[in-house]
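Asks: Before I ask anything, let me first share the structure, which is written out below as structure tokens.
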Amino acid sequence: KRVNGDMKNDLDIRTKVNNYLQLETPYAGETEVLHYLEVLRDKIGWNAVKAAVKKPLTGRKIGAYYGCMLLRPSTTMQFDDPENPTIIEDFIKALGATPVVYPMRNECCGGYLAMEDPSAANRRSLAVLKNAEEAGAEAIVTACPLCLYNLKKASGSIPVYYFTDLLCKALGTEE
């Protein structure tokens, strides 16, 4: 979304990129870029997702983890409130589980620190996992691959899923 916005709004960047790519038709950011969660919410709809669920996650208490980058910068991402998002909780509900809201769901997992100071990233990620567990979460779901990596590497006591993994479980397409 950020790059597409640059292509749409920044003539210098657009010119450099199009000169480099040498496309038949120059690109000017006209594509609508959507996160897969936006597709599920806005194009398919939570009711349709719920209707497609074959193995509801009933009884499961799952904490949504947004981290610090999924919704930011909010002026670019523009798909949920960056301070009080609900898209992953709505996703969890559509799969039949109960969302658990906890204070650290928007905090950084230490992603930017993972290479330079892995122990700092581990501490941040463990704090998130502990916070979610203390609030009653039995698992965490995220839509950020870097957050998934850091949270899984932290080896907390609750499982961490990428949102598409939970979707496959609920749709009955998981082996």
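Asks: Return the pairs, sorted by first residue and then second, in which the second residue is small (G, A, S), the first residue lies in the stretch 28-53 and is over 22 Å from N9 (Cα atoms), the beta carbons are less than 7 Å apart, and the residues are 6+ apart or on different chains.
Replies: If the second residue must be small (G, A, S), the pairs left are L37/A143; W46/A94; V49/A94; K50/A94; V53/G96; V53/A170.
Asks: For T98, only one of the following conditions fails: (1) in contact with a helix residue (DSSP H, G or I) (Cβ under 8 Å, 6 or more places away or on another chain); (2) open to solvent by 60 Å² or more (accessible area, probe 1.4 Å); (3) more than 25 Å from K54 (Cα to Cα). What is its number?
Replies: (3) is the only condition that T98 fails.
Asks: I need the full set of residues from the stretch 101-130 which are surrounded by fewer than 17 Cβ atoms within 10 Å (Cβ to Cβ) and either more than 19 Å from P82 (Cβ to Cβ) or aliphatic (A, V, I, L, M) (or both), in order please.
Replies: Hits for the stretch 101-130 are V101, M115, E116, D117, P118, S119, A120, R123, A127, K130.
Asks: Can A51 be described as assigned to a helix (DSSP H, G or I) and modelled with pLDDT of 95 or more? I'd like the intermediate steps shown before the answer.
Replies: Details: assigned to a helix (DSSP H, G or I): yes; modelled with pLDDT of 95 or more: yes.
Criteria met by A51.
Asks: Kindly check whether there is at least one residue in the stretch 43-64 that is of a type in the set (S, T, Y) and either at positive phi or surrounded by 13 or more Cβ atoms within 10 Å (Cβ to Cβ) (or both). Show your work before the answer.
Replies: Narrowing the stretch 43-64 to residues of a type in the set (S, T, Y): 58.
Those left that are additionally either at positive phi or surrounded by 13 or more Cβ atoms within 10 Å (Cβ to Cβ) (or both): none.
No, because not a single residue in the stretch 43-64 is of a type in the set (S, T, Y) and either at positive phi or surrounded by 13 or more Cβ atoms within 10 Å (Cβ to Cβ) (or both).
Asks: Continuing with the same structure: Take the residues in the stretch 6-26 that are in contact with a helix residue (DSSP H, G or I) (Cβ under 9 Å, 6 or more places away or on another chain) and closer than 26 Å to L71 by Cβ; name whichever of them is least open to solvent (accessible area, probe 1.4 Å).
Replies: The selected residue is M7.
Asks: Given the structure, is V3 more than 30 Å from I158 (Cα to Cα), crowded, with 16+ Cβ neighbours inside 10 Å and free of Cβ contacts under 8 Å to residues at least 12 places away in the same chain?
Replies: no
Asks: Determine whether the stretch 68-80 contains at least one residue that is of a type in the set (G, A, S) and either under 24 Å from K169 (Cβ atoms) or open to solvent by 20 Å² or more (accessible area, probe 1.4 Å) (or both). Spell out how you get there, then give the answer.
Replies: Within the stretch 68-80, the subset of a type in the set (G, A, S) is 74.
Filter again for either under 24 Å from K169 (Cβ atoms) or open to solvent by 20 Å² or more (accessible area, probe 1.4 Å) (or both), leaving 74.
Taking every residue of the stretch 68-80 in turn, at least one turns out to be of a type in the set (G, A, S) and either under 24 Å from K169 (Cβ atoms) or open to solvent by 20 Å² or more (accessible area, probe 1.4 Å) (or both).
Asks: Within the stretch 11-30, does at least one residue satisfy the condition of being in contact with a Gly (Cβ under 9 Å, 6 or more places away or on another chain) and aliphatic (A, V, I, L, M)? Step through it out loud before you land on a result.
Replies: Filtering the stretch 11-30 for residues in contact with a Gly (Cβ under 9 Å, 6 or more places away or on another chain) gives 14, 29.
From the residues that got through so far, the ones that are aliphatic (A, V, I, L, M) too are none.
There is no residue in the stretch 11-30 that is in contact with a Gly (Cβ under 9 Å, 6 or more places away or on another chain) and aliphatic (A, V, I, L, M).
Asks: Mind listing just one residue for me: the one in the stretch 55-76 that is assigned to a loop (DSSP other than H, G, I, E, B) and modelled with pLDDT of 95 or more and, of those, nearest to the chain's Cα centre (by Cα)?
Replies: Once the filter is applied, the top-ranked residue is Y66.
Asks: Might you check whether a residue that is at pLDDT 95 or above, in contact with a Cys (Cβ under 7 Å, 6 or more places away or on another chain) and on the phi < 0 side of the Ramachandran plot occurs anywhere in the stretch 77-85?
Replies: Looking for residues that are at pLDDT 95 or above, in contact with a Cys (Cβ under 7 Å, 6 or more places away or on another chain) and on the phi < 0 side of the Ramachandran plot, one finds none in the stretch 77-85, hence no.
The values are calculated or read from the model by the stated rules, or taken from the named source; none is laboratory data. Treat the numbers as computed from the prediction; the structure is a model and nothing was measured. With ideal geometry, Cβ positions are generated from the backbone for all residues, glycine too; neighbour counts draw on all protein chains shown. Surface accessibility is based on the protein's heavy atoms, side chains included, excluding ligands, DNA and RNA. Shrake-Rupley method; radii C 1.70, N 1.55, O 1.52, S 1.80 Å.
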